[in-house]
Amino acid sequence: MSDIEDLTTTELLRPSELVKPIDRKAEAEAAGRGGRPQADLSVRLAGIPLRSPIVTASGCFASGKEIAEFMDLRVLGAVVVKSMTLEPWQGKPPPRMVETPSGMLNAIGLQNKGVDYFLRYDLQALNAAKVPVIASIAGNTQQEFVRVADRLRGAPGVIAVEVNISCPNLEDRSSMFSHDPKATAGVIGNVRRCLEVPVFAKLSPNVTSITDIAGAALDAGAAGLSLINTLLGMAIDIETGKPRLGGVMGGLSGPAIRPVAVRAVYEVRQAYPDVPIIGMGGVMDYKDALEMIWAGANAVAIGTANFIDPRSTLDITRGIERFLVEHGIRSLSRLRALSGPRSSPPAPSATPASAAPSPGAPPSAPLSRR
Amino acid sequence: MKQYTGEVLSHRKHGEEYHSLTVVAPDIAASARPGQFVNLRPPADRYYILRRPFSICRVNRGSGWAATIEVIFDIRGPGTAALAAMRAHDPIDVIGPIGQGFAIPKNRQACLLIGGGVGATPLFFLGEELRAAGKRVDVLCGASRASRLVNTLELKRLGAMTEFTTDDGSVGYHGLVTDLLPNMIERCGSEVLYACGPRPMLQAVTAIAIKYRLPVQVALEEQMACGIGICLSCVAPIYNQKGTGVMHVRTCLEGPVFNGARVAWDRYGTDLDEADGPPGN
């Protein structure tokens, strides 16, 4: 017996050499709170200071409780929680998910436990975790949206409300609020009136002109925009000829949709140079996140990537930080000021560093060629 | 639940149709319970992106310095094909152990394990734990054909009584496990049923268990994107405590093992009642 013990302690590899458990302390330090000099990732979003541009996409992070087992949520700029409705919703029947090339289709149908459950349980946990919260709200009717928003008034730690108008709408039958500028303006206007925090409109890419819808949302008082929700898609089982999703059609997400998202962010940024934009859609790593920032996003939401690796947001945050350090850029606002593919000159309200690349700017080659 | 970069200890072909992957993951092996699963990430590819969930077939805690877990699976698409191509020493990203496992009975002694096809893999782990707890273990295992039965030799070793069925009659009884089940329950004096396999089988086993007034635990399989409780893809319709309503409950965290009598089998794919409360979390 002692022979075996001796062998294990002296001649064989120890478990720590074979596997790498998560080192939370090292993570927290690497995320910039451990004193090591790092690039400044803080951004302002509709006047709200965020420690990082990386937030979570609604519905892809639940309320953070599950992911907190894997990483420190304080790395995030904010947690955008799963859309909540007035009453609990059971969502669509299973099967609810189909994997597709470089993406996935889902038909969850906004299953959630309702706004009161959120306020009572989820929000408390998020406040205790000291992470800013963007509450995503949904409803079948304008009235429902307003009533959910009403309950959220003054909720502690809720820094903004994202209005998910890219979900099915019963008032207009099978269409979505965000398919129609008038319906969009109606919901956003009414929701905004009962909230003190900034309101973000989450728009659908399944429209002819996303800038028209964006305009309607902004005119109605949206402080910013979340771009984009999933693309409507479908998958059929060739053996049976039947839809593979219980909800027949579903939302396509993942890297497959990233070019669509980048285009939407770019298009809206061109039309509205100053509007705060949370860009999202298939961002899987820090390169994708930087692409989204170049396209014009002020913050970047991570969705499907969380399903594949619960620590994606942490990896992406670190990656952006490393990129800035390697290029000699001290802060994200400086990077954003360097260019971004805008055709018009930066608006006066843009960050002061926007005038010209400063001495601290990176070697011109890789960045200015954009 | 842990996330690791583990290491493939071995890959081997398991019978004609299955693959077995043994992964070094000491913390997961140390805490895993029968019925729980792991979520493995196949090497990157552009045709698939998601992880793949697998029941833990067996753990080896004995060699503590490098305790392992084993999964058995068949190739169903490019993701499982990539996993089947992994070899010893390959690093692999693994999350586990996930979910609620099978409960070991306190007072009842005779346990009947019922498996179908590749879904039978958690029975090895369960059977060993039950035997270690001093229970009588009997096994009833079915598949479409002989080659789709998982390790018949070891199941024979596991069960005080072991019966096999195949749809084509190539091994054992020519028919379904549910054809033999009532007889098996009576002969073995079964007091608890455990079932894992295709959904129609689980439903039929549950119906028989209810007829015999026996507790039945079933392991459900659903399409799953994340496996850690955030995507809500994998929900199953489950009756609430009072039996008055049906709720969509995550099979990854609240399952995959449920009391068969609380699964709303016939409500699958239909609209559900209003929820009357949060499902136990």
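Points to keep in mind about this one:
- Boolean, A:G59 is on the phi > 0 side of the Ramachandran plot, of a type outside the set (D, E), open to solvent by less than 30 Å² (accessible area, probe 1.4 Å) and more than 16 Å from the chain's Cα centre (by Cα): no
- Scanning region A:127-171 for residues that are of a type in the set (D, E) and either in a helix (DSSP H, G or I) or within 19 Å of A:K113 (Cα to Cα) (or both) returns A:E144, A:D150, A:E162.
- With respect to being of a type in the set (V, I, T), open to solvent by less than 40 Å² (accessible area, probe 1.4 Å) and closer than 22 Å to B:A29 by Cβ, B:I92 fits the description.
- Checking A:A220 against (1) aliphatic (A, V, I, L, M); (2) over 25 Å from A:V163 (Cα atoms); (3) surrounded by 19 or more Cβ atoms within 10 Å (Cβ to Cβ), the condition it does not meet: (2)
- A:S209 among the polar types (S, T, N, Q), open to solvent by less than 40 Å² (accessible area, probe 1.4 Å), within 14 Å of chain B (Cβ to nearest Cβ) and farther than 13 Å from A:G279 by Cα: no
- In region A:105-126, the residues that are open to solvent by 20 Å² or more (accessible area, probe 1.4 Å) and in a loop (DSSP other than H, G, I, E, B): A:G109, A:L110, A:Q111, A:K113
- In region B:188-220, the residue that is farthest from the other protein chains (Cβ to nearest Cβ) out of those that are part of a loop (DSSP other than H, G, I, E, B) and closer than 17 Å to B:P105 by Cβ is B:G189.
- Those residues of region A:263-285 which are closer than 26 Å to B:S233 by Cβ and either outside any loop (DSSP other than H, G, I, E, B) or of a type in the set (S, T, N, Q) (or both), in sequence order: A:A264, A:I278, A:G279, A:M280
- Looking across region B:190-202 at every residue that is farther than 22 Å from A:M97 by Cα and in contact with a helix residue (DSSP H, G or I) (Cβ under 8 Å, 6 or more places away or on another chain), the one that is surrounded by the fewest Cβ atoms within 10 Å (Cβ to Cβ) is identified as B:M201.
- Residue count for region B:155-183, restricted to those that are of a type outside the set (S, T, N, Q), open to solvent by less than 50 Å² (accessible area, probe 1.4 Å) and part of a strand (DSSP E or B): 1
- Residue tally, condition more than 14 Å from every other protein chain (Cβ to nearest Cβ), hydroxyl-bearing (S, T, Y) and touching a strand residue (DSSP E or B) at 6+ places or on another chain (Cβ under 6 Å), over region A:302-341: 2
- Annotation: of all residues in region A:75-104 being farther than 26 Å from A:I278 by Cα and open to solvent by less than 10 Å² (accessible area, probe 1.4 Å), the one that is farthest from the chain's Cα centre (by Cα) is A:P94.
- Filter result for the condition that a residue is more than 10 Å from chain A (Cβ to nearest Cβ) and farther than 24 Å from A:I308 by Cβ, over B:E70, B:E17: B:E17
- Qualifying residue in region A:64-83 (condition: under 16 Å from A:S253 (Cβ atoms) and not charged (D, E, K, R)): yes
- B:I104 vs. criteria touching a residue at least 12 places away in the same chain (Cβ under 8 Å), closer than 19 Å to B:C188 by Cβ and surrounded by 15 or more Cβ atoms within 10 Å (Cβ to Cβ): yes
- Filter result (outside any strand (DSSP E or B), open to solvent by less than 10 Å² (accessible area, probe 1.4 Å) and touching a residue at least 12 places away in the same chain (Cβ under 8 Å)) within region B:221-239: B:A225, B:C226, B:G227, B:I228, B:G229, B:C234
- Per-region count, region B:107-117, residues crowded, with 24+ Cβ neighbours inside 10 Å and touching an Asp or Glu at 6+ places or on another chain (Cβ under 9 Å): 3
- Residues located in region A:232-247, provided they are within 14 Å of another protein chain (Cβ to nearest Cβ) and open to solvent by 60 Å² or more (accessible area, probe 1.4 Å): A:I238, A:E239, A:T240, A:K242, A:R244
So that you can scan it fast, the table gives a plain yes or no per residue for (1) open to solvent by less than 40 Å² (accessible area, probe 1.4 Å); (2) under 30 Å from A:I257 (Cα atoms); (3) in contact with a Pro (Cβ under 6 Å, 6 or more places away or on another chain); (4) part of a strand (DSSP E or B):
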| site | (1), (2), (3), (4) |
| --- | --- |
| B:R12 | no, no, no, yes |
| B:H19 | yes, no, no, yes |
| B:R33 | no, no, no, no |
| B:P43 | no, yes, no, no |
| B:R46 | no, yes, no, no |
| B:L50 | yes, yes, no, no |
| B:F54 | yes, yes, no, yes |
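- Residue that is surrounded by 16 or more Cβ atoms within 10 Å (Cβ to Cβ) and more than 23 Å from B:V257 (Cβ to Cβ), where the choices are B:T152, B:T68: B:T152
The values are calculated or read from the model by the stated rules, or taken from the named source; none is laboratory data. For clarity, every value in this text was computed on a predicted model and none was experimentally measured. So basically every Cβ, Gly included, is an ideal-geometry build from the backbone, and we count neighbours across all protein chains shown. These accessible areas exclude ligands, DNA and RNA; they are computed on the full protein's heavy atoms, side chains included. Shrake-Rupley method; radii C 1.70, N 1.55, O 1.52, S 1.80 Å.
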